[in-house]
1. Examine the range 465-485 for a residue that is modelled with pLDDT under 95, in contact with a Phe, Trp or Tyr (Cβ under 8 Å, 6 or more places away or on another chain), in a strand (DSSP E or B) and of a type in the set (A, V, I, L, M), and state whether such a residue exists.
2. Considering only residues that are closer than 25 Å to residue 662 by Cβ and out of contact with any His (no Cβ under 9 Å at 6 or more places or on another chain), look in the range 632-648 and name the one that is modelled with the lowest pLDDT.
3. Which residue, of 185, 213, is of a type in the set (Val, Ile, Thr), over 16 Å from residue 259 (Cβ atoms) and modelled with pLDDT of 95 or more?
4. Applying the selection to the range 83-97, what residues are surrounded by 16 or more Cβ atoms within 10 Å (Cβ to Cβ), assigned to a loop (DSSP other than H, G, I, E, B) and not basic (Lys, Arg)?
5. Taking the range 575-628, which residues are within 21 Å of residue 531 (Cβ to Cβ) and touching a Pro at 6+ places or on another chain (Cβ under 8 Å)?
6. Does at least one position in the range 169-179 carry a residue that is among the β-branched types (Val, Ile, Thr), more than 59 Å from the chain's Cα centre (by Cα), over 28 Å from residue 83 (Cβ atoms) and part of a loop (DSSP other than H, G, I, E, B)?
7. Please find, within the range 196-250, the residue that is surrounded by the most Cβ atoms within 10 Å (Cβ to Cβ) out of those that are assigned to a loop (DSSP other than H, G, I, E, B) and among the acidic types (Asp, Glu).
8. Select from the range 381-400 the residues that are under 60 Å from the mean Cα position of the chain (by Cα) and crowded, with 16+ Cβ neighbours inside 10 Å and list them in ascending order.
Amino acid sequence: MTRLWALLVALAAAAAAVPDCERTDRTRPGHVLCEPRTLGLMDRLSEEAAVAAAPVTSLTVRCSSSEEESFITNGTLSGLETLTELTLERCRLAELPAALAELTRLRSLTVRTFSDSVGLVVADSALHGLDALQQLELSHSRLTELPIGLLCSLPGLQKLNVSHNRLQEVAELGLTAGCQLPDLVSLDLSHNQVTALPSGALAALPALTELSVSHNALELLGAGALSGLPTLQKLDLSDNALSTTPAELLQPTPRLAELRLARNRLSQLPAALLRGLQRLLVLELAGNRFSATWINSETFAGLKRLLVLDLAHNRLGQIDASVFAGLYSLQSLQLHHNQIDDVAPNAFEALSNLHTLGLSHNKLHRIGPLSLNGLFVLNTLSLDNNIIDYVHPSAFSNASSLQELSLSDNRLTQVPEAVSDLQLLKVLDLGNNYISAVGGAQLAGMQQLFSLRLEGNVLTEVTHDMLRALPHVRILNLSGNRIQRVEPGAFESSGALEAVRLDANQLTQIDGLFAGLSRLRWLNVSDNSIARFDYASVPRGLVWLDLHRNEITELSNRDDIADQMSIRTLDVSFNRLTELSGFHLPRSIELLLANDNLIQSVEQYTFFLMSNLSRVDLFANQITNMNLNALRLNMPNETVHMPQFYIGGNPFVCDCNMEWLQRYNKINHYNHYPRIMDLESIYCRLIYNRGRSYVPLVDADASMFLCPYQTHCFTTCHCCDFDACDCEMTCPAGCRCYHDQSWSSNIIDCSNNNFEEIPGRLPMDATEVYLDGNNFKNLSGLTFLGRKNMKVLYLNNSKIEFLHNQTFAGLTQLTTLHLESNLVTEFNGQEFVGLDRLRELYLQDNQLTRVQNKTFEPLRQLEVLRLDGNQLEDFSVWELEKNPYLVEIGLTDNVWTCACDYLRRFQGWLTANAKKVVDFSSLVCRFEGDAEARAIYGSNETCYERPSRRTVPGEGVADYLPLLVSAAVVLLLLAALTAVVFAYRAELRVWIYSRCGVRVCYRSALDEEQERLFDAFVSYSERDKAFVQHVLAPKLEHGEPPYRLALHYRDFAHSAYLADTIVEAVESSRRTIMVLSRNFIENEWCRFQFKSAHHEVLKDRQKRLIVILLGDVPQRDLDPDLRLYLKTNTCISWDDKLFWDKLRFSMPDIPNNLRCLRSVSHYSEVGGSSSHYSEMETSVSHYSEISELKQHRPSPKTIPSLWE
């Protein structure tokens, strides 16, 4: 016990020391398998094995690297003197050196390098000292020779295998004249390149019993090639190129029992070749060129003990009675694949012990009464693939023991009458003939028949009489006929049936045909015209059911017996099924093939109760959407391999409900979901994509899985009944809207609708908006205000002529903007302010003539800028250096000037940035007045200087003329200055007030009525709430000076009477600000109470009214009262670049001693809430920047300003 434990410890240490070593057989503790990279890593194993208490007797080394060369040194196997078996595999050995002398107990040595490039070289003394060696294998090593005398040092060698090498001669074995291997009994030279076996080549092997020289290139055999081999019993010369054999070749081998000469080029066989081989048992002559001339009565004479004779694949034309005379011990005769057209009567009479006869693939056309005479014990007869059209009624009378008969692929038109004599027959094959009917009398007498094959005939029906005489038949094959009808009860008399094939016929229904076959396990009715299937029509014990290629539209389960079925394999492919559910499938199913149907839906939990499921094919159907739970499983916890599903080839729609499919492999399945094996082959149709309609599933991004919607309100949203609600999603009329599963992608497509205005109810949470192909012309300010999540905006090809400074205000997340193919003529520098994250800007194919230098400066993240196809002449392209991330710029097809001062700077910038300009090689400029274009990049052509304008004084002018001219100029200047001051008197007053705080020619606000509670009451529409609360109010309440405002939606009590509240608010305020917009006209102004209250309080206070025009308000929409207010009061347009200065000028003055005391806390006096202040305070910082930018917007011309 102590020694065994020490051995195990030593082996464990050795395995730890040498990577990939283990004991492969616990019953053989001395056997070790190592898998190092090369043999050079074996030294430490030797050291550990040397100290082991018990020896290592068997070692297999299998190198894991076939690229690295291995070496055997004197120390590689030191310490392993107790080895008796050594195997070296897949090690790239170039040499087998003399390093094995210490292995004195070695009895078996195997070296197989399996190298494709390096041939093994054996050293002269490589095997010296291995006196105990009995088995030597040097196969698969590209060996070309063995050293002379190498094997002579192994007197005890019994088996030598040098197969699968490159030996060309037997002499390359190194056997010298005086050398003998007296104990060698087996020599394997197969799979080499030996071309000849000369006389006496193997005389040094007197004890040889087995010799294999197969799969070589043998062409020549010496007459004495086998001399000196009296004990030879097995000779294999097959698969060579022999065309003849010496007659005396086999005379030195009287004990030969097996001779294989198959697959050579032999066309003749000397009569004396086989004489004297009285112990020959097996003779293989197949695959040669023998004809009946050389296979005659003398060929096999004297082979009384021959058991197996193979003459297949030759050129025999007929069989005479004398050919096999005397072979009364023969048991197997193969004559298939010849040209035999006739079997002479009594040709096999002498073969009384023959049990297998192969005559298939010949040219026999009839079987006569005596063709098989004498074959009393014949068990298997193959007559298939001939041209037999007649079988004599008594042809099998003397072969009554026949159990297997094949007559398939002939020209029979009826079941031969002769088969009725075969009472012991078990297998009858009559397939692929021309039989049109089978009567019970024709099969009578075959009570033991087990299998009947009638495949490929022309049967049209199956009658009750047909199978009545076959009560024990278990396998019935009627496939490939023309059967249209099966009589009810046709199979009742064959209750033992276990397998039935009726596929490839013309059946339309199978109801009631198989229900009574309780033993039926295998049923194939595929490739018919069956339109209806019910589980009640098949026995419950059925295990394998094939229904493919029919016209079945539903797997009916009327009696709810599907769960009681035992079906494991169900093939319903190539049918017309439209849906699949658990109710339609047995729980016992292991393999389900439902591909190539019309399945559109798979119900949830269809496979949940199928615990034995291994594979499901659903590919090539019409499935567009599938719930993840449709694949839900409930496999046992011990399940190792989850079922495999194939669902490719379906027209999946990548909508938001199918997003799970793209990330399916990332789902934690844990016995709940199968493995989808063909995800990489699945293509799905995108419900919306402007680039392509179908994409590989694995390439689809999560944002591509979209669903259409018209309106949607999240359950947590409480503002869906109001305008400007961030969480309400309403698709604008005429547009198409899509969202992904998480609503992180919200796409609005309003393309090609010929809209003249931007749709008013674009969802606030839109991420991509497509407005291309419309007719907008002008885009006003704040068009997209509040769309803070928008990332992509398409406005191309929409006939846009002008962009206001604040058109894109609020689009802080915008990354891509398309404005190409429009009519824009200029940019003034403020159009893209606020688009801090914009990366792609497309402006090509417009009519740009002027771009202010700082236009693109705010776009710090810009990567793509397209300006090609415009009318730019001298845009300062070097200003684009302020956009450090630009990688793509388009500038061609403009009218660049060749003026020197511009061209030099352009060329200098272009030289440094040529890699960014995609069309730099096509850039050209033009001289003024010259139509010829000149290349800008790499051109050395001369530029031109712009001419300066000069004034040439007149000649002969009187001395007093300068004085008169000077006076006239002064007068004109004074007159012009007066006119300008008068025309712009309002703007001047505002400018002076904004700079100096002084009101010129204007009644001081300090002379107004006494101090009131509010500085101004703001009247506006609820739909303009975002503008008032986030832009107007913060600017006035937190500006300098700060004003106190009353907002009726914010500060009025909700229960108060509206008219009274408005009257009180106006009387408590020094000014009234009316935000006039379309929303105000269409909503608030139409309410009678609101309108009457305003009219009442303002009729005597008109001068205190300030009207702010928000957006486009046409004159036709105004009633008389509003028109009066506009004519008689201060009216300021939001698009006016001096909006804030004019508004503050119109507001009352605030004494200095009150400015620091102002706060918004007074709102509580009129029912306001302090929460409004905190709300505004958080938003002021965001909107103050936007409001300041509005100052630069031009005024619309719909309603002219009254500042004059």
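1. No, because not a single residue in the range 465-485 is modelled with pLDDT under 95, in contact with a Phe, Trp or Tyr (Cβ under 8 Å, 6 or more places away or on another chain), in a strand (DSSP E or B) and of a type in the set (A, V, I, L, M).
2. Filtering first and then ranking leaves 641.
3. Values: 213 fails: over 16 Å from residue 259 (Cβ atoms).
Every option except 185 fails the conditions.
4. Answer for the range 83-97, where residues must be surrounded by 16 or more Cβ atoms within 10 Å (Cβ to Cβ), assigned to a loop (DSSP other than H, G, I, E, B) and not basic (Lys, Arg): 83, 84, 91, 97.
5. Hit for the range 575-628 is 622, nothing else.
6. Here is the first cut: in the range 169-179, the ones among the β-branched types (Val, Ile, Thr) are 170, 176.
Of the ones still in play, those that are also more than 59 Å from the chain's Cα centre (by Cα) are 176.
Imposing the further condition that a residue be over 28 Å from residue 83 (Cβ atoms) reduces the set to 176.
Subset that is part of a loop (DSSP other than H, G, I, E, B): 176.
Yes: one or more hits.
7. 239
8. If we filter the range 381-400 for residues that are under 60 Å from the mean Cα position of the chain (by Cα), which is where we start, we get 381-391.
Of everything in the range 381-400, those that are under 60 Å from the mean Cα position of the chain (by Cα) and crowded, with 16+ Cβ neighbours inside 10 Å turn out to be 381, 382, 383, 384, 385, 386, 388, 391.
The values are calculated or read from the model by the stated rules, or taken from the named source; none is laboratory data. Values in this document were obtained by computation on a predicted structure and should not be read as measured data. Virtual Cβ from ideal backbone geometry, glycine too; neighbours counted across all protein chains shown.
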